[in-house]
Amino acid sequence: MRALALACTAGIALSLVPGSARADAANEAAAAAKFDQVSGNAAQLRMFLQAMPKGGDLHNHLGGSIYAEDFLEAAAARGMCADENIERIVAAPCPDDRKLATMAVEQTFAYARLIDSLSTRGYQRGVGADDVSGHTQFFSSFDKLGAAFPLDPGRWLSATRQSAARNNVSYLELMNNPRVLVEYAMAGGEQPLEQDDLGAVYAREIGTVRGLLDKAMAEVDRIEADARGDLSCGTKAARPGCDVAVHYLTFAWRSMAPAIAFRSLIAGFALADRDPRFVGVNIVMPEDDPVALRDYGLHMAMFRFLEARYPDVNVSMHAGELTLGLVRPQDLRDHIARAVASGAQRIGHGTDIAYEDEAPETLARMARDRIAVEVNLTSNAVILGVKGGEHPLSLYRSMGVPVVLSTDDEGVLRSDMTNEYRRAAMEHGLGYTDLKELARASLEYAFLSGRSLWREGALGAAVQPCAEALSGSRCKPFLAANEKARLQADLESRFDRFEQRLDRFSTSQGS
């Protein structure tokens, strides 16, 4: 309908006929050799990976994707302030020395401290309070910058699309809730809710939710229009972010009272069922929160209940964003397994899989049912302290589980998608063809409409309409009718161009 889908690229020229396939294989081998050549030099590797096509980012919170500086600029333009501790954004009035517009030019050190407070920048460099963990610093950042988020959501969307374009990411699935549905969910109150109550509560609430959907969709219309205007889409001055396709996931809050969590899920499923821009539902907030731990089984029951009523709505769940020491050992036993059993088509994070009681069986089921894991390397390193050989990325791959790389909250984490690929290469030994496989997987396991370009279980082997050539007369109608295949064909075209221009990364032998 109004989905921000990338149009079928007229210039797709990648051919899969035998002669061209040999040339493509040679180009890929040359790219792999160049990758090996630059992998020992961090700057050269960054340059190479930034230019490399990366497909989709499937685990990206819109509110966390924005850098603190962008929030501060928007808040300063509206006369907002820093609080007295120089830790958060607050509304006016305030003394002149705490007005953000003044601080930015007259108190640069205080302004820098504020940026550190609104992100994990200082924490990652050993700056700031020595009694604050990465977990606390990360999650507290959202509360500190919360006053700025409603100011300009169109700008946040355009900034996220621009960041994706700079990193050669062509598709985003952004976690974002329309504000009208947030307000509805938050009015749920603190009344208790049991699994046996779900049917009655749903029957009572669904009429109200349906009455809000038009407002929610109109809100997204406005945000997207503002983003298109900010990016100058459709004009000669269009910025690269215009070419990034976007869909959304709604989400529930697992740390809130059960009535609020269920309301947020009802609204999310109903919106995803109504508006094709919203391609699925998720659940967020710290998994180690006492309420989240207490109600984990109830939340899974909520998902099962709503999945039965909305069988066409896709589900991804944050699950296993835990590690030994953060919670009691018994809290590491089965969150991923229970999410998979409750209908999750993708797992976000999945960091504690090795601690689960039935880890081999869960991994086998994920591999068999093609349930992908969304791996967030920087996020897991900062929030959980899990990185390098302690991270289960290699475990998932060795067990045949589909893996995609994602950013999680690149603004708060001071990262980007290229950095995730860099970490996969440097910390986990992934080579060029491994990373290319992950890029392809990011679109294969995206909640995009239509058929895949690839044969089942064979990324890189095109289905029959496109087996001879992606630009052929049989393939073009197939791509036009299938959004997923269209974006996958575009990714192949990007890889083709990238692998044919490796001379850009050649180093001069002269002085």
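Here Ala147 fulfils each of the conditions (1) within 28 Å of Ala225 (Cα to Cα); (2) among the hydrophobic types (A, V, I, L, M, F, W, C); (3) outside any loop (DSSP other than H, G, I, E, B) apart from (3). From the set of residues in segment 404-424 that are of a type outside the set (D, E, K, R) and under 16 Å from Ala441 (Cβ atoms), which is surrounded by the most Cβ atoms within 10 Å (Cβ to Cβ)? Among them, the one singled out is Thr407.
Of all residues in segment 14-48, those being assigned to a helix (DSSP H, G or I), modelled with pLDDT of 65 or more and polar (S, T, N, Q) number 3.
Going through (1) under 18 Å from the mean Cα position of the chain (by Cα); (2) aliphatic (A, V, I, L, M); (3) farther than 26 Å from Ala308 by Cα one by one, Ala372 falls short only on (3). Restrict the check to segment 459-469 and report whether at least one residue is touching a residue at least 24 places away in the same chain (Cβ under 8 Å), out of contact with any His (no Cβ under 8 Å at 6 or more places or on another chain) and in a loop (DSSP other than H, G, I, E, B). Yes, the conditions are met somewhere in segment 459-469. For segment 113-172, residues that are farther than 30 Å from Arg486 by Cβ, within 22 Å of the chain's Cα centre (by Cα) and among the small types (Gly, Ala, Ser) total 6.
Scanning segment 363-378 for residues that are touching a strand residue (DSSP E or B) at 6+ places or on another chain (Cβ under 9 Å) and either surrounded by fewer than 20 Cβ atoms within 10 Å (Cβ to Cβ) or free of Cβ contacts under 8 Å to residues at least 60 places away in the same chain (or both) yields Met366, Ile371, Val373, Val375, Leu377, Thr378. Close contacts from segment 432-449, counting a first residue that is under 21 Å from Ala32 (Cα atoms) and a second that is surrounded by fewer than 22 Cβ atoms within 10 Å (Cβ to Cβ) and aromatic (Phe, Trp, Tyr), with Cβ to Cβ under 6 Å and a gap of 6+ residues or different chains, come to none at all. When the criteria are applied in full, Ala92 fails the requirement of being over 30 Å from Glu28 (Cα atoms), part of a helix (DSSP H, G or I) and in contact with a Cys (Cβ under 9 Å, 6 or more places away or on another chain). Restricting Tyr445, Tyr432 to those that are under 15 Å from the mean Cα position of the chain (by Cα) and of a type in the set (Phe, Trp, Tyr) reduces the list to Tyr445.
Taking segment 129-158, which residues are surrounded by 15 or more Cβ atoms within 10 Å (Cβ to Cβ) and among the acidic types (Asp, Glu)? Selection gives Asp152 alone. All of (1) closer than 30 Å to Ala245 by Cβ; (2) buried (at least 21 other Cβ atoms within 10 Å of the Cβ); (3) out of contact with any Cys (no Cβ under 8 Å at 6 or more places or on another chain) hold for Arg161 with one exception: (3). Of all residues in segment 407-427, those satisfying the criterion of being over 16 Å from the mean Cα position of the chain (by Cα) and either hydrophobic (A, V, I, L, M, F, W, C) or in the same structural domain as Ser140 (by TED's automatic domain parsing) (or both) are Ala424, Ala425, Met426.
The set of residues from segment 191-242 being under 22 Å from Asn176 (Cβ atoms), outside any helix (DSSP H, G or I) and assigned by TED's automatic domain parsing to the domain that holds Phe305 is empty. Is it the case, given these coordinates, that Met317 is touching a helix residue (DSSP H, G or I) at 6+ places or on another chain (Cβ under 6 Å), part of a helix (DSSP H, G or I), within 21 Å of Gly350 (Cβ to Cβ) and not charged (D, E, K, R)? Answer is no for this residue. For segment 332-362, filtering for residues that are among the aliphatic types (A, V, I, L, M), assigned to a loop (DSSP other than H, G, I, E, B) and closer than 20 Å to Ser394 by Cβ leaves 0. Val404 satisfies every condition listed in (1) in the same structural domain as His318 (by TED's automatic domain parsing); (2) part of a helix (DSSP H, G or I); (3) under 18 Å from the mean Cα position of the chain (by Cα) except (2). The residues listed here are Ala341, Ala308, Ala272; of these, the one that is closer than 26 Å to Asp214 by Cα, out of contact with any Cys (no Cβ under 8 Å at 6 or more places or on another chain) and in contact (Cβ under 8 Å) with a residue 40 or more places away in the chain is Ala272.
The values are calculated or read from the model by the stated rules, or taken from the named source; none is laboratory data. These numbers were taken from a predicted model, which means no experiment stands behind them. For neighbour counting, all protein chains shown are included, and Cβ atoms are generated from backbone atoms with ideal geometry for every residue, glycine included.
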